[in-house]
Amino acid sequence: MASAETAAEHERILREIESTDTNCIGPTLRSVYDGQEHGLFMDKLEGRIRNHDREIEKMCNHHFQGFVDSITELLKVRGEAQKLKCQVTETNQKLQNDGKELLTSMDELRQCRLQQRNIATTIDKLTHCLPVLEMYSKLQEQMRAKRYYPALRTLEQLEGSCLPQAGSYRFCAIMAENIPRLRTHIRDVSMSDLKDFLESIRKHSDKIGETAMKQAQVQIARDNAVTSQQQSVSGRRIQKEVCSGTEVDRNGSNPFSEKDSGILDVEDEEENEIPGAQDLVDFSPVYRCLHIYTVLGARDTFENYYRKQRRKQARLVLQPHSSMHETLEGYRHYFNQIVGFFVVEDHILHTTQGLVNRAYVEELWELALSKTIAALRTHSSYCTDPDLILDLKNLIVLFADTLQGYGFPVNQLFDMLLEMRDQYGEILLKKWNQSFRQILDQDNYSPIPVASPEEYQRIAGQFPFQDPELDKMPFPKKLPFSEFVSKVYSQLKEFIYACLKYSEDLHLSSTEIDDMIRKSTNLLLTRTLSHCLQYAIKKKNVGLAELVQIIINTTHLEQSCHYLEEFISNITNVPPDTINATKLYGTSTFKDARHAAEEEIYTNLNQKIDQFLQLADYDWMAAQGGGQASDYLSDLIAFLCSTFAVFTHLPGKVAQTACMSACKHLSTSLLQLLLEADVRQVSMGALQQFNVDLLDLFTQWDWSTYLADYGRPTCKYLRVNPHTALALIEKMKDTSRKNNMFAQFRKNERDKQKLIDTVVKQLRNLIATNQA
């Protein structure tokens with residue numbers, strides 16, 4: 001069994017050797033050498049080789065004759081092949097000789113074809129490269145000309161289309177490497193231009209605003225001219241008179257330098273050809289930078305930067321100078337800067353897509369409005385000159401009208417102007433207080449002498465005075481009032497004009513203007529003029545003649561109040577009988593002043609009487625009277641007569657009251673002399689002297705009549721008070737002293753004392769009855 005298996009294995013190996021490629025026979029032979037039957041396998045291999053040799057020999061024997069025949073034929077062909085070779089060699093030589101020229105031509109043709117192909121290739125490559133080179137050259141030219149936005153567009157086209165089509169050349173790679181640097185350079189340069197622009201408009205906002213305000217002023221003047229053509233002749237006259245001096249100064253120059261970025265050089269214009277505010281500003285740096293950042297995909301960065309910088313500039317513009325309130329030019333410079341700032345922002349708003357929006361501009365305007373109003377309130381509070389306040393008001397109106405023309409709401413500015421109106425009124429009151437005081441101090445308090453009709457007409461033109469009786473008198477003659485009447489009346493009209501000037505252009509109705517003027521005039525009358533008149537009346541060393549003249553003057557001023565009413569109605573075109581129209585308080589003001597003057601007359605007259613009474617020197621223990629009035633009383637009567645003569649120009653009631661007041665004061669003072677505690681006893685002689693001066697009841701001992709008629713309107717001694725009579729009669733009682741006034745009548749002493757006691761008792765009963 002083992003030998004059979006070995007024989008089968010050897011057979012398999014032999015078949016494998018016969019059928020396997022010699023390169024793969026190694027593993028097969030290794031299996032033979034690895035086995036134990038190596039010699040047996042070699043024997044089998046030798047036997048198989050012999051078998052194959054016998055088969056090869058049989059095959060060769062079978063095909064030998066055919067091989068011999070083939071060799072024989074091949075030998076025969078060799079000669080013919082030799083001939084053919086010679087012929088072919090000869091033919092080849094001839095062909096070589098004949099084709100040498102052809103080869104030369106073919107070589108030349110090949111070379112031409114190669115050159116042609118190279119030329120075509122070169123042309124094709126140049127066709128793709130030339131646009132790149134031309135585009136790059138164009139880019140360089142644009143960069144040199146600082147046309148950065150077109151350069152950026154060229155750069156974008158170069159990178160997007162030209163370079164990819166040109167191929168991978170070294171110069172293309174260099175260009176591609178330069179593109180980011182060029183973009184950065186363009187962005188930086190455009191930003192630098194923008195910064196120059198922002199700095200330039202910051203410096204020249206004053207000029208931009210000045211131009212815009214001039215433009216607005218010209219437009220307002222044209223509108224007013226059209227309106228004035230529709231008004232009456234009197235209306236035009238009043239408007240011209242009131243508006244005089246309200247023009248804002250158009251002079252002043254602050255020309256821009258040609259080197260200032262963003263500001264165009266403007267040649268001198270004629271007065272009626274003011275350039276538009278936008279014509280002064282070159283906005284191309286903004287547009288250019290905006291387009292560049294948009295192309296670079298950084299528009300948001302640019303917008304944020306622009307808005308941030310403009311907010312900073314707004315805060316700088318809105319910060320007023322500390323001395324702004326000192327001159328009108330300070331305010332004008334402040335307003336010009338603000339207007340210039342918002343003119344630029346308004347133009348940017350309407351010429352760019354989203355760089356600034358309406359909300360952003362409104363936010364800035366709200367900030368500007370609040371800060372401007374606060375600054376004006378602060379600085380205007382320092383002003384004490386009404387002319388400066390009026391000029392400031394006109395400037396604020398122009399400022400508001402200018403910005404309103406650009407669509408900014410300005411109602412708060414006009415509200416602030418209404419607030420400033422009260423301050424303006426207070427300043428006017430202070431100024432007119434000085435004017436009134438100066439007029440009153442400088443007046444001579446004498447009737448005005450008039451020497452000619454021309455002089456009379458001049459005064460009548462200043463003060464509405466009509467007196468038919470005086471008109472009939474020949475010249476020279478005297479007007480009843482002094483010069484301060486016409487001067488005060490003129491000052492009242494000037495004050496009304498000053499109030500009217502402030503109310504112009506505040507968008508107020510005629511009724512509102514009329515009401516404002518009347519209220520301000522009432523303050524002038526009731527507070528300022530009233531205090532000045534009181535000052536003139538109450539000041540030291542004022543004489544009775546001056547007080548009489550003040551009464552006459554205030555009477556004429558009171559009569560002129562309705563003329564002031566008509567004057568206000570004429571300039572405001574509001575009828576005086578309009579419902580709810582404020583009435584002037586001039587009548588009451590002048591009445592109060594006249595009453596104060598009357599009271600001062602009474603007071604001064606009484607003081608003069610007191611001065612005379614201080615000279616009284618009665619001998620209360622005199623045995624008998626002197627028989628004639630005391631010297632001091634004679635002087636007093638003479639003084640009163642001369643004084644009452646001055647009162648002839650006063651109304652009858654005033655003169656009568658003055659006379660009654662003087663007499664009452666005189667009687668009271670004389671009676672007080674008798675009732676003084678220092679006068680302990682009074683003699684009949686003293687009473688007789690006093691009787692000469694005043695007394696009647698005591699010297700005539702008419703007590704029965706006094707007691708019987710007391711309390712009746714027809715009582716003879718109506719003004720004798722029972723208390724006063726009791727005090728005086730008690731001084732006449734006997735005090736058991738030697739110097740008693742009735743010592744010389746000792747025989748009748750008891751009866752007299754009894755009579756005095758009876759009168760005293762009756763007087764006490766009378767007093768008790770009246771008190772009950």
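The values are calculated or read from the model by the stated rules, or taken from the named source; none is laboratory data. Quick caveat: nothing in here was measured; it's all calculated off a predicted structure. Here the Cβ is made from the backbone with ideal geometry for all residues, glycine too, and neighbour counts use every protein chain on show. Calculation scope for accessible area: heavy atoms of the full protein, side chains included, ligands and nucleic acids excluded. Shrake-Rupley method; radii C 1.70, N 1.55, O 1.52, S 1.80 Å.
Selection of first residues in segment 202-221 that are assigned by the TED database to the domain that holds residue 316 and closer than 15 Å to residue 316 by Cβ and of second residues that are acidic (Asp, Glu) and part of a helix (DSSP H, G or I), restricted to Cβ pairs under 9 Å at least 6 apart or on distinct chains, gives an empty result.
Apart from one condition, residue 72 fits all of (1) among the hydroxyl-bearing types (Ser, Thr, Tyr); (2) open to solvent by 90 Å² or more (accessible area, probe 1.4 Å); (3) at pLDDT 80 or above; the exception is (2). Tell me, please, whether a residue that is crowded, with 20+ Cβ neighbours inside 10 Å and in a loop (DSSP other than H, G, I, E, B) can be found in segment 388-404. So far as segment 388-404 goes, no, none of its residues is crowded, with 20+ Cβ neighbours inside 10 Å and in a loop (DSSP other than H, G, I, E, B).
Checked against (1) within 23 Å of residue 553 (Cβ to Cβ); (2) more than 34 Å from the chain's Cα centre (by Cα); (3) surrounded by fewer than 20 Cβ atoms within 10 Å (Cβ to Cβ), residue 454 passes all but condition (1). Residue count for segment 300-321, restricted to those that are more than 12 Å from residue 187 (Cβ to Cβ) and in a helix (DSSP H, G or I): 15.
Examine segment 509-522 for a residue that is farther than 30 Å from residue 400 by Cα, touching a residue at least 12 places away in the same chain (Cβ under 8 Å) and not basic (Lys, Arg), and state whether such a residue exists. The answer is yes, given that some residue of segment 509-522 is farther than 30 Å from residue 400 by Cα, touching a residue at least 12 places away in the same chain (Cβ under 8 Å) and not basic (Lys, Arg).
Looking at segment 573-583 only, could you name the residues that are within 25 Å of residue 553 (Cα to Cα) and open to solvent by less than 20 Å² (accessible area, probe 1.4 Å)? Residues satisfying the conditions do not exist here.
When each of 361, 356 is tested for being open to solvent by less than 20 Å² (accessible area, probe 1.4 Å) and part of a loop (DSSP other than H, G, I, E, B), the lone residue that passes is 356.
Selection of segment 710-726 for residues being within 14 Å of residue 767 (Cα to Cα), surrounded by fewer than 16 Cβ atoms within 10 Å (Cβ to Cβ) and either out of contact with any helix residue (DSSP H, G or I) (no Cβ under 7 Å at 6 or more places or on another chain) or modelled with pLDDT under 70 (or both) yields 711, 721. When you look at residue 58, is it among the basic types (Lys, Arg), assigned to a helix (DSSP H, G or I) and open to solvent by 80 Å² or more (accessible area, probe 1.4 Å), yes or no? Criteria met by residue 58. Of all residue pairs spaced 6 or more apart or on separate chains, those with beta-carbon atoms under 8 Å, a first member in segment 313-325 that is in the same structural domain as residue 386 (by the TED database) and a second member that is part of a loop (DSSP other than H, G, I, E, B) and open to solvent by 40 Å² or more (accessible area, probe 1.4 Å) are 325/382. Determine if segment 554-572 includes at least one residue that is open to solvent by 70 Å² or more (accessible area, probe 1.4 Å), in contact with a Lys or Arg (Cβ under 9 Å, 6 or more places away or on another chain), modelled with pLDDT of 85 or more and not acidic (Asp, Glu). There is no residue in segment 554-572 that is open to solvent by 70 Å² or more (accessible area, probe 1.4 Å), in contact with a Lys or Arg (Cβ under 9 Å, 6 or more places away or on another chain), modelled with pLDDT of 85 or more and not acidic (Asp, Glu). Looking at 504, 512, 469, 483, just one residue is in contact with a Cys (Cβ under 7 Å, 6 or more places away or on another chain) and over 15 Å from residue 429 (Cα atoms), and that residue is 504. Taken as a whole, the condition of being assigned to a helix (DSSP H, G or I) and touching a Pro at 6+ places or on another chain (Cβ under 9 Å) does not apply to residue 537.
When you look at residue 309, is it without any contact (Cβ under 8 Å) to a residue 12 or more places away in the chain and either closer than 23 Å to residue 282 by Cβ or outside the structural domain of residue 397 (by the TED database) (or both), yes or no? No, not satisfied.
When residue 25 is tested against (1) open to solvent by 100 Å² or more (accessible area, probe 1.4 Å); (2) closer than 23 Å to residue 5 by Cα, just one condition goes unmet, and that condition is (1).
I'd like the residue in segment 159-189 that is within 52 Å of the chain's Cα centre (by Cα) and basic (Lys, Arg) and, out of all such residues, is surrounded by the fewest Cβ atoms within 10 Å (Cβ to Cβ).
The qualifying residue surrounded by the fewest Cβ atoms within 10 Å (Cβ to Cβ) is 181.
Picking from residues in segment 588-617 that are in contact with an Asp or Glu (Cβ under 7 Å, 6 or more places away or on another chain) and open to solvent by 30 Å² or more (accessible area, probe 1.4 Å), the one that is farthest from residue 557 (Cα to Cα) is 612. Only one of the numbered conditions (1) within 12 Å of residue 525 (Cβ to Cβ); (2) at pLDDT below 85; (3) buried (at least 16 other Cβ atoms within 10 Å of the Cβ) is not met by residue 548, and that is (1). Could you say whether any residue in segment 362-372 is at pLDDT below 90 and of a type in the set (D, E, K, R)? For segment 362-372, residues at pLDDT below 90 and of a type in the set (D, E, K, R): absent.
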